[in-house]
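The values are calculated or read from the model by the stated rules, or taken from the named source; none is laboratory data. All values derive from a computational prediction rather than experimental measurement. Don't worry about glycine lacking a Cβ; one is built from the backbone with ideal geometry, like all the others, and counts go over all protein chains shown. Ligands, DNA and RNA are stripped out before the accessible areas are found, and what is left, the full protein with its side chains, is counted by its heavy atoms. Shrake-Rupley method; radii C 1.70, N 1.55, O 1.52, S 1.80 Å.
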Amino acid sequence: MASPTRKPRLAVWKFASCDGCQLSLLDCEDELLAVAGALDIAYFMEATRGRIEGRYDLSLVEGSITTAHDAERIREVRRRSRRLVTIGACATAGGIQGLRNFADVAEYAAAVYARPDYIATLATSTPIAEHVPVDFELRGCPISKRQLLEVVSAFLAGRRPVTPAHSVCVECKLRGTVCVMVAHGTACLGPVTHAGCGALCPAYDRGCYGCFGPKETPNPASLSGRLAALGMDGGQLGRVYRSFNANAPEFRQESQRHGRQDEPQDDQG
Amino acid sequence: MAGKTSRKTIRVDYLARVEGEGALEVVVRDGRVQSAALSIFEPPRFFEAFLRGRAFGEVPDITARICGICPVAYQMSSVHALERALGVTVEGPLRALRRLLYCGEWIESHTLHAYLLHAPDFLGYAGAIDMAGDHGEIVKRGLQLKKVGNEILTLVGGREIHPINVRVGGFYRVPRRRELAPLAERLKWAREAALETVRWVAGFDFPEAERDYLFVALRHPGEYPFNEGRIVSGRGLDIEAADWENHFEEIHVARSTALQARLKSGESYLVGPLARYALNADRLSPLAREAATEAGLGAVCRNPYRSIVVRAVEVLYACDEALRIIESYEEPDAPAVPVEPRAGSGCAATEAPRGLLWHRYRLAEDGSVAEARIVPPTSQNQAAIEEDLVAHIQGCLELPDEALRERCELTVRNYDPCISCATHFLKLTMDRG
């Protein structure tokens with residue numbers, strides 16, 4: 001526990017990822033110095049070489065687990081962290097690199113690298129919660145910096161973060177955006193996708209592509225019927241759920257309903 | 001005892017203030033730097049493998065995720081390569097908006113690097129937050145300048161990280177002139193702040209270190225390069241992006257497992273701000289050119305530590321160019337040109353903040369990706385970074401270990417290496433023989 005005499009210690013950790021979610025903290029240009037004033041940034045390699053060894057009050061974890069070494073490292077991070085919050089689709093659902101879970105990773109390595117035998121990688125990309133207990137999961141590819149500040153503030157106040165689990169559709173209504181699917185027949189994952197982005201894509205005249213992952217209790221089978229009526233074929237329906245949150249269970253199962261027969265069936269759920 | 005003095009290994013296990021995670025190892029034998037190895041333990045994510053089978057329209061959303069710091073670069077190289085494969089050309093206001101978007105990324109990424117990642121090295125701080133204790137106003141100016149870059153990305157791209165508005169053929173939605181007006185006001189402030197930034201970083205104390213680099217960058221007939229141009233070098237190379245594979249290759253270096261891009265003649269080369277400036281200084285705006293001269297850059301800058309000055313000049317240019325684009329912007333009739341799927345191949349290179357980013361795609365008849373190849377700037381610079389370490393560390397061997405380690409890190413940070421992008425990097429195993 002943080003004693004009253006010292007500021008809580010924040011650590012930011014990276015696993016397989018693009019760095020974008022931890023960059024969100026540095027993108028809080030108006031708030032960064034205030035955050036740094038309220039917390040001791042004890043480990044944040046993207047931002048500082050200064051580091052404090054020992055235990056951390058809050059660890060933000062970016063990225064998914066794709067190597068045996070990282071599977072060990074996350075256990076050490078957990079042991080040293082009072083609260084552990086995953087930030088983003090990689091840490092929460094395995095990320096875009098989780099597409100290997102539907103394929104043969106040796107074939108992937110051979111397609112990209114001249115010497116695939118040098119590649120040490122696991123066959124799967126898995127979320128942090130499959131390896132250690134997680135206190136809170138923040139969604140998004142990338143996360144919303146507004147929601148990141150909410151998580152950090154909630155932690156400092158000792159309360160649970162407010163990040164509604166309703167759909168992007170609710171955010172469109174709140175924003176006053178005309179429904180792109182109803183009005184224009186544009187395919188949209190909004191009805192099954194977790195809120196948090198502020199319904200960005202429909203405001204830019206395109207359908208949501210699901211980068212915040214599934215909302216609570218989604219009904220993707222019903223949405224797929226509508227998408228098929230808009231002209232999507234089986235291949236497209238398989239792919240539309242299979243991007244940055246492809247391994248979130250609800251998206252994985254729905255993509256497999258439309259996917260190829262010869263690929264591995266759901267063996268992770 | 002003799003062994004101790006004759007042999008020394010300097011290790012930096014986690015490089016701080018680079019995007020992504022890497023380490024470096026320098027081996028010294030009998031007072032000579034024998035080797036320097038930058039090792040990347042960023043786990044592979046296999047983008048080129050899982051891009052296969054995706055529809056061409058899905059590609060820019062996916063390639064953005066290679067790098068959270070420079071997603072626009074990945075989107076731009078992929079849409080231009082795909083448009084070549086599909087026989088489409090994007091011109092006029094849509095082309096100008098793409099340039100504006102790239103200005104936003106350069107301002108955001110370069111300012112992040114100059115203020116938050118690189119300047120603390122020169123001023124003796126562990127990071128920008130410590131630096132803010134003594135230089136609060138300067139750090140705030142950097143954050144606000146960075147924010148203006150992000151405001152361009154947010155308005156034109158939809159959001160700062162992984163913009164949602166880029167598509168093959170153009171955009172999903174284009175801004176109205178009146179939406180851009182407040183941005184122009186912010187950019188006028190940013191241009192002043194960028195000018196102050198050039199003066200600030202020009203006053204740093206730079207190590208004397210010049211190397212005769214082989215610079216490689218895009219060159220365009222009328223513009224400082226973002227999205228278009230021929231690939232040229234300081235020694236006479238002048239090719240189309242489609243010819244990259246005829247002149248460059250990614251090879252295995254002896255005793256290492258990393259792929260590094262080199263010229264087929266075996267030479268290492270340098271991409272990024274120093275290369276762009278050396279090959280395109282005459283294409284800068286008058287204001288940026290003047291600031292470069294005032295900062296003492298000359299026609300060519302071969303000191304990698306001064307790359308921070310060149311980045312600051314490029315931020316100034318990007319502010320100036322963004323203002324020019326906004327002032328002359330005419331709303332296009334449609335947000336995108338029509339694109340029909342077809343079989344084909346296309347290559348494109350664009351100038352990511354860190355340097356040349358090359359993509360090639362082969363499409364099947366239905367417009368799905370049959371093959372993809374991506375060569376990021378950091379894999380092209382890796383050989384030059386290691387040669388720099390060997391050259392520059394030799395003169396600093398008398399420094400105590402900790403100071404030497406910091407000098408090694410500073411040398412690597414000159415390149416603003418983006419390790420998450422480096423899809424071809426492998427974990428490197430040193431033979432310490």
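Run down A:Ala36, A:Ala47 and say which single residue is free of Cβ contacts under 8 Å to residues at least 12 places away in the same chain, of a type in the set (A, V, I, L, M) and within 10 Å of chain B (Cβ to nearest Cβ).
Working: A:Ala47 fails: free of Cβ contacts under 8 Å to residues at least 12 places away in the same chain.
Every option except A:Ala36 fails the conditions.
Check whether at least one residue in segment A:95-108 is within 11 Å of chain B (Cβ to nearest Cβ) and among the β-branched types (Val, Ile, Thr), and report yes or no. Lay out the reasoning, then the answer.
As a first pass, look at segment A:95-108 and keep what is within 11 Å of chain B (Cβ to nearest Cβ): A:95-108.
Checking the rest, the ones that are also among the β-branched types (Val, Ile, Thr) come to A:96, A:105.
So far as segment A:95-108 goes, yes, one or more of its residues are within 11 Å of chain B (Cβ to nearest Cβ) and among the β-branched types (Val, Ile, Thr).
Could you tell me which residue of segment B:29-51 is farthest from B:Leu410 (Cα to Cα), considering only residues that are away from every other protein chain (no Cβ under 14 Å) and of a type in the set (Gly, Ala, Ser)? Before the answer, list the steps.
Kept after step one, since they are away from every other protein chain (no Cβ under 14 Å), are these residues of segment B:29-51: B:29-38.
This time we only want the ones that are of a type in the set (Gly, Ala, Ser), so: B:31, B:35-37.
Numbers: B:Gly31: 21, B:Ser35: 17, B:Ala36: 14, B:Ala37: 15 Å.
Among them, the one singled out is B:Gly31.
So that you can scan it fast, the table gives a plain yes or no per residue for (1) open to solvent by less than 20 Å² (accessible area, probe 1.4 Å); (2) in the same structural domain as A:Cys18 (by TED's automatic domain parsing):
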{"residue": "A:Asp135", "(1), (2)": "no, yes"}
{"residue": "A:Thr163", "(1), (2)": "no, no"}
{"residue": "A:Cys188", "(1), (2)": "yes, no"}
{"residue": "A:Pro214", "(1), (2)": "yes, no"}
{"residue": "A:Gln236", "(1), (2)": "no, no"}
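Which residue is surrounded by the most Cβ atoms within 10 Å (Cβ to Cβ), if the candidates are limited to segment A:1-22 and must be over 16 Å from A:Ser153 (Cβ atoms) and at pLDDT below 90? Give the steps one after another, and end with the answer.
Taking segment A:1-22 as the starting set, the residues that turn out to be over 16 Å from A:Ser153 (Cβ atoms) are A:1, A:3-6, A:9, A:11-22.
Filter again for at pLDDT below 90, leaving A:1, A:3-6.
Numbers: A:Met1: 7, A:Ser3: 7, A:Pro4: 5, A:Thr5: 5, A:Arg6: 9.
My answer is A:Arg6.
Determine whether B:Leu195 is out of contact with any Lys or Arg (no Cβ under 6 Å at 6 or more places or on another chain), of a type outside the set (Phe, Trp, Tyr) and part of a helix (DSSP H, G or I). Write out each step before concluding.
Values: out of contact with any Lys or Arg (no Cβ under 6 Å at 6 or more places or on another chain): yes; of a type outside the set (Phe, Trp, Tyr): yes; part of a helix (DSSP H, G or I): yes.
Yes.
(1) open to solvent by 20 Å² or more (accessible area, probe 1.4 Å); (2) touching a Leu at 6+ places or on another chain (Cβ under 9 Å); (3) of a type outside the set (Lys, Arg): which one isn't true of B:Gly133, the others all being true?
(2)
Scan A:Leu58, A:Leu25 and give me the residue that is crowded, with 20+ Cβ neighbours inside 10 Å, farther than 19 Å from A:Pro133 by Cα, more than 13 Å from the chain's Cα centre (by Cα) and in contact (Cβ under 8 Å) with a residue 24 or more places away in the chain. Give the derivation first.
Values: A:Leu58 fails: farther than 19 Å from A:Pro133 by Cα.
Of the residues listed, the single one that is crowded, with 20+ Cβ neighbours inside 10 Å, farther than 19 Å from A:Pro133 by Cα, more than 13 Å from the chain's Cα centre (by Cα) and in contact (Cβ under 8 Å) with a residue 24 or more places away in the chain is A:Leu25.
Being in contact with a Cys (Cβ under 9 Å, 6 or more places away or on another chain), more than 18 Å from B:Tyr329 (Cα to Cα), within 7 Å of another protein chain (Cβ to nearest Cβ) and small (Gly, Ala, Ser), is that true of even one residue in segment B:129-152?
The answer is no; no qualifying residue exists.
Which count do you get for residues in segment A:10-22 that are basic (Lys, Arg) and either more than 7 Å from chain B (Cβ to nearest Cβ) or more than 23 Å from the chain's Cα centre (by Cα) (or both)? Full working, then the answer.
Filtering segment A:10-22 down to residues basic (Lys, Arg) leaves A:14.
Restricting the remaining residues to those that are either more than 7 Å from chain B (Cβ to nearest Cβ) or more than 23 Å from the chain's Cα centre (by Cα) (or both) gives none.
Residues that pass the stated criteria total 0.
Going by what's in this entry, would B:Glu179 be described as surrounded by 20 or more Cβ atoms within 10 Å (Cβ to Cβ), within 13 Å of chain A (Cβ to nearest Cβ) and either farther than 21 Å from B:Asp333 by Cβ or of a type in the set (D, E, K, R) (or both)?
Criteria not met by B:Glu179.
Return yes when B:Asp416 is at positive phi and under 24 Å from the mean Cα position of the chain (by Cα) and no when it is not. Give the derivation first.
Values: at positive phi: yes; under 24 Å from the mean Cα position of the chain (by Cα): yes.
Yes.
Given A:Ile52, A:Ile65, which one is among the β-branched types (Val, Ile, Thr), farther than 21 Å from A:His194 by Cβ, in contact with a strand residue (DSSP E or B) (Cβ under 7 Å, 6 or more places away or on another chain) and at pLDDT below 90? First the steps, then the outcome.
Numbers: A:Ile65 fails: at pLDDT below 90.
Going through A:Ile52, A:Ile65 in turn, just one is among the β-branched types (Val, Ile, Thr), farther than 21 Å from A:His194 by Cβ, in contact with a strand residue (DSSP E or B) (Cβ under 7 Å, 6 or more places away or on another chain) and at pLDDT below 90: A:Ile52.
Please identify the pairs in which a residue from segment A:214-243 that is closer than 21 Å to A:His184 by Cβ has its Cβ atom under 7 Å from the Cβ atom of a residue that is polar (S, T, N, Q) and open to solvent by 40 Å² or more (accessible area, probe 1.4 Å), counting only partners at least 6 apart or on another chain.
Cβ pairs passing all conditions: none.
Return yes when A:Ile41 is among the aliphatic types (A, V, I, L, M), open to solvent by 10 Å² or more (accessible area, probe 1.4 Å), facing chain B (nearest Cβ under 7 Å) and touching a residue at least 12 places away in the same chain (Cβ under 8 Å) and no when it is not. Please lay out each step first, then the result.
Numbers: among the aliphatic types (A, V, I, L, M): yes; open to solvent by 10 Å² or more (accessible area, probe 1.4 Å): yes; facing chain B (nearest Cβ under 7 Å): yes; touching a residue at least 12 places away in the same chain (Cβ under 8 Å): yes.
Taking the combined requirement at face value, the residue satisfies it.
Counting only residues that are open to solvent by 40 Å² or more (accessible area, probe 1.4 Å) and among the hydroxyl-bearing types (Ser, Thr, Tyr), how many does segment A:138-161 have?
Residues meeting the conditions: 1.
Does segment B:94-120 hold any residues that are aromatic (Phe, Trp, Tyr) and out of contact with any strand residue (DSSP E or B) (no Cβ under 8 Å at 6 or more places or on another chain), and which are they?
If we filter segment B:94-120 for residues that are aromatic (Phe, Trp, Tyr), which is where we start, we get B:102, B:106, B:115.
Within segment B:94-120, B:Trp106, B:Tyr115 qualify.
If you take the residues of segment A:61-73 that are of a type in the set (S, T, N, Q) and open to solvent by less than 10 Å² (accessible area, probe 1.4 Å), which of them is farthest from the other protein chains (Cβ to nearest Cβ)?
Applying the first criterion (of a type in the set (S, T, N, Q)) to segment A:61-73 yields A:64, A:66-67.
With open to solvent by less than 10 Å² (accessible area, probe 1.4 Å) added as a condition, the list becomes A:64, A:66.
Working: A:Ser64: 9, A:Thr66: 5 Å.
The qualifying residue farthest from the other protein chains (Cβ to nearest Cβ) is A:Ser64.
Of all residues in segment A:133-155, which are within 12 Å of another protein chain (Cβ to nearest Cβ) and touching a helix residue (DSSP H, G or I) at 6+ places or on another chain (Cβ under 6 Å)? Before the answer, list the steps.
In the first step, residues of segment A:133-155 are kept if they are within 12 Å of another protein chain (Cβ to nearest Cβ); the result is A:140-146, A:148.
Those that are within 12 Å of another protein chain (Cβ to nearest Cβ) and touching a helix residue (DSSP H, G or I) at 6+ places or on another chain (Cβ under 6 Å): A:Cys141, A:Pro142, A:Ile143, A:Lys145, A:Leu148.
Looking for whichever is open to solvent by 10 Å² or more (accessible area, probe 1.4 Å), away from chain B (no Cβ under 11 Å) and closer than 28 Å to A:Gly259 by Cβ here; the options are A:Glu76, A:Glu130. Which one fits? Steps first, answer last, please.
Numbers: A:Glu76 fails: closer than 28 Å to A:Gly259 by Cβ.
Being open to solvent by 10 Å² or more (accessible area, probe 1.4 Å), away from chain B (no Cβ under 11 Å) and closer than 28 Å to A:Gly259 by Cβ holds for just one of A:Glu76, A:Glu130, which is A:Glu130.
For segment B:372-407, give me the residue count where each residue is polar (S, T, N, Q) and either open to solvent by 10 Å² or more (accessible area, probe 1.4 Å) or farther than 22 Å from B:Asp212 by Cα (or both). Lay out the reasoning, then the answer.
Start the filter on segment B:372-407 by keeping residues that are polar (S, T, N, Q), which leaves B:378-382, B:394.
Now narrow it down to the ones that are either open to solvent by 10 Å² or more (accessible area, probe 1.4 Å) or farther than 22 Å from B:Asp212 by Cα (or both): B:394.
Total satisfying the criteria: 1.
Just checking, does segment B:158-171 include any residue being more than 25 Å from B:Val339 (Cα to Cα), more than 10 Å from every other protein chain (Cβ to nearest Cβ) and within 23 Å of the chain's Cα centre (by Cα)? Show your work before the answer.
From segment B:158-171, those more than 25 Å from B:Val339 (Cα to Cα) are B:160-161; that's our starting set.
Okay, now just the ones that are also more than 10 Å from every other protein chain (Cβ to nearest Cβ), so none.
The answer is no; no qualifying residue exists.
Test of understanding: among B:Ala372, B:Ala349, B:Ala383, which residue is among the small types (Gly, Ala, Ser) and out of contact with any Leu (no Cβ under 6 Å at 6 or more places or on another chain)?
On the way: B:Ala372 fails: out of contact with any Leu (no Cβ under 6 Å at 6 or more places or on another chain); B:Ala349 fails: out of contact with any Leu (no Cβ under 6 Å at 6 or more places or on another chain).
Answer to the selection: B:Ala383.
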